[in-house]
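The structure follows.
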Amino acid sequence: MIEVDGVSRWFGDVVAVSDVSFSVGPGVTALLGPNGAGKSTLLRMLCGLTPPDRGTIRILGADPRTDLGVRGHISIVPQQEAMFEALDAFSFVRLNAVLHGIATPDDVARSALAVVELDPDDTRKVTSYSKGMKQRVKVAQALVNDPQVLMLDEPLTGLDPRQRRHMIDLFGRLGAEGRCVLVSSHVLDEVERFGSRVLVIAQGRLAATGDYRAIRDLMDDRPHRIRVRTDKPREIAASLLLHAGVLGTTIEPAKAGRPPAVVIDTTDAPTFRRAIAATAHSVDAQLWEVSPLDDDLESVFRYLVQP
């Protein structure tokens, strides 16, 4: 549903996006990257708001910059809080429905506001809304055209925990309906709930794409860290050091009622997983926990974007 091939964009001497290629289908995909990585510029190009200086973009098989027909199937939730100050939430969302040529703009606007749990009869101007309420208004206006491709730039910023859960569930439902939902976010622990597919942008380049667990497994230059809780951490540590691929071990003493543990750095996680049971048996140790410490999204993201 989204196809990007060799896309670059620069502003004077500053390269915002450099030779990026990827494709995205139905479902939810997270777009991750530090501030200034080029995420917002990329989203603007995908929506046809900014032309690429090089490369091609296809949304639903068409060029969003030149094919006005495909724009009716695209929506964006921008990071900026650009709203018409004189309008209340209902009027603002209704206006977007009118601009899209929706036959029943009043009904659609009310329905969209209900989806994000806002009152369409609230007469306050949108400028008086909190950050989180403005975010929800922006999501509502993006839903009025029933988009096939929805792009959201930092939509969780300013939301309280309950509303974050609600929005994550909403994005998941939209993706399950066969829509393409691309979400830019820094809230890594919650991005994991979108699904495991990520696009990681660093310094304007695509650092990785795909299932973040698979990405972690492909990082041969980054040793895996695994914690083993056992009744004999020193014996386990000493025995594991004899295995090829184990670079080092660290003993964690018991604390807060938790048993002691040994943390292993290994370049061969599959071999370690096969060896740990036999190792424990050889030293007559009990195993209570074997868990990876760095295959979560936060660790993968940190490994990819750090210099």
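Which of the residues belonging to region 254-276 are out of contact with any Ser or Thr (no Cβ under 6 Å at 6 or more places or on another chain) and in a helix (DSSP H, G or I)? Don't jump to the end; show me each part of the working.
So the first thing to find is which residues in region 254-276 are out of contact with any Ser or Thr (no Cβ under 6 Å at 6 or more places or on another chain), and the list is 254-261, 265-271, 273-276.
The answer is Ala269, Pro270, Thr271, Arg273, Arg274, Ala275, Ile276.
Which numbered condition in (1) acidic (Asp, Glu); (2) without any contact (Cβ under 8 Å) to a residue 12 or more places away in the chain; (3) in a loop (DSSP other than H, G, I, E, B) is the only one that Asp107 fails?
Every condition holds for Asp107 apart from (3).
Does region 22-40 contain at least one residue that is in contact (Cβ under 8 Å) with a residue 24 or more places away in the chain, part of a helix (DSSP H, G or I) and in contact with a Ser or Thr (Cβ under 7 Å, 6 or more places away or on another chain)?
Yes - at least one qualifying residue is present in region 22-40.
Out of Arg227, Arg234, Arg213, I need the residue that is among the charged types (D, E, K, R) and assigned to a strand (DSSP E or B). Which one? If you could, list the steps in order and put the result at the bottom.
On the way: Arg234 fails: assigned to a strand (DSSP E or B); Arg213 fails: assigned to a strand (DSSP E or B).
That would be Arg227, the only listed residue that is among the charged types (D, E, K, R) and assigned to a strand (DSSP E or B).
Would you be able to tell me the number of residues in region 265-283 that are within 15 Å of Arg222 (Cβ to Cβ) and either at pLDDT 90 or above or small (Gly, Ala, Ser) (or both)?
The qualifying residues number 1.
Can you tell me which residue among Leu99, Leu68, Leu42 is buried (at least 21 other Cβ atoms within 10 Å of the Cβ) and among the aliphatic types (A, V, I, L, M)? I'd like the intermediate steps shown before the answer.
Numbers: Leu99 fails: buried (at least 21 other Cβ atoms within 10 Å of the Cβ); Leu68 fails: buried (at least 21 other Cβ atoms within 10 Å of the Cβ).
Sole residue among the options that is buried (at least 21 other Cβ atoms within 10 Å of the Cβ) and among the aliphatic types (A, V, I, L, M): Leu42.
Let me ask you something else. Would you confirm whether or not region 192-202 contains a residue that is in a helix (DSSP H, G or I), modelled with pLDDT of 85 or more, closer than 22 Å to Pro78 by Cβ and not polar (S, T, N, Q)? Let's see the steps before the verdict.
Let us first name the residues in region 192-202 that are in a helix (DSSP H, G or I), namely 192-194.
Filter once more, so that each one left must be modelled with pLDDT of 85 or more: none.
No, region 192-202 contains no residue that is in a helix (DSSP H, G or I), modelled with pLDDT of 85 or more, closer than 22 Å to Pro78 by Cβ and not polar (S, T, N, Q).
Quick check on this structure: which one of Val228, Val183 is among the hydrophobic types (A, V, I, L, M, F, W, C), within 25 Å of Gly36 (Cβ to Cβ) and surrounded by 22 or more Cβ atoms within 10 Å (Cβ to Cβ)? If you could, list the steps in order and put the result at the bottom.
On the way: Val228 fails: within 25 Å of Gly36 (Cβ to Cβ).
The conditions single out Val183.
Out of curiosity, is Pro233 in contact with a Pro (Cβ under 6 Å, 6 or more places away or on another chain), more than 30 Å from Trp10 (Cβ to Cβ), of a type outside the set (Asp, Glu) and at pLDDT 80 or above?
Details: in contact with a Pro (Cβ under 6 Å, 6 or more places away or on another chain): yes; more than 30 Å from Trp10 (Cβ to Cβ): yes; of a type outside the set (Asp, Glu): yes; at pLDDT 80 or above: yes.
In short, yes.
Here's another thing I want to ask about it. Go through Val15, Val4 for me and flag whichever is of a type in the set (A, V, I, L, M, F, W, C), surrounded by fewer than 22 Cβ atoms within 10 Å (Cβ to Cβ) and in a strand (DSSP E or B). Talk me through it step by step, then tell me what you get.
On the way: Val4 fails: surrounded by fewer than 22 Cβ atoms within 10 Å (Cβ to Cβ).
Of the residues listed, the single one that is of a type in the set (A, V, I, L, M, F, W, C), surrounded by fewer than 22 Cβ atoms within 10 Å (Cβ to Cβ) and in a strand (DSSP E or B) is Val15.
Within region 277-307, can you find the residues that are assigned to a strand (DSSP E or B) and of a type outside the set (Asp, Glu)?
Leu287, Trp288, Val290, Ser291, Pro292
On to the next question. Give region 53-65 a look and list any residue that's under 17 Å from Met151 (Cα atoms) and surrounded by 14 or more Cβ atoms within 10 Å (Cβ to Cβ), or say none.
Result: Ile57, Arg58, Ile59, Leu60, Ala62, Pro64, Arg65.
Working carefully through the options Thr104, Thr209, Thr157, find the one that is polar (S, T, N, Q) and closer than 18 Å to Ser40 by Cβ. Before the answer, list the steps.
Numbers: Thr104 fails: closer than 18 Å to Ser40 by Cβ; Thr209 fails: closer than 18 Å to Ser40 by Cβ.
Step by step, each of Thr104, Thr209, Thr157 is checked, and only Thr157 is polar (S, T, N, Q) and closer than 18 Å to Ser40 by Cβ.
The rows are residues; the columns are (1) of a type outside the set (Asp, Glu); (2) outside any helix (DSSP H, G or I); (3) surrounded by 14 or more Cβ atoms within 10 Å (Cβ to Cβ).
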| position | (1), (2), (3) |
| --- | --- |
| Ala103 | yes, yes, no |
| Ser111 | yes, no, yes |
| Asp121 | no, yes, no |
| Thr127 | yes, no, no |
| Met133 | yes, no, yes |
| Gln141 | yes, no, yes |
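Please verify whether Ala86 is in a loop (DSSP other than H, G, I, E, B), assigned by TED's automatic domain parsing to the domain that holds Ser40, farther than 30 Å from Asn35 by Cβ and at pLDDT below 90, treating the condition exactly as stated.
Judged against the criteria, Ala86 is a match.
The values are calculated or read from the model by the stated rules, or taken from the named source; none is laboratory data. Just so it is clear, the structure is predicted and the values come from calculations on it, not from any experiment. Every residue, glycine among them, receives a Cβ derived from its backbone with ideal geometry; neighbour counts consider all protein chains shown.
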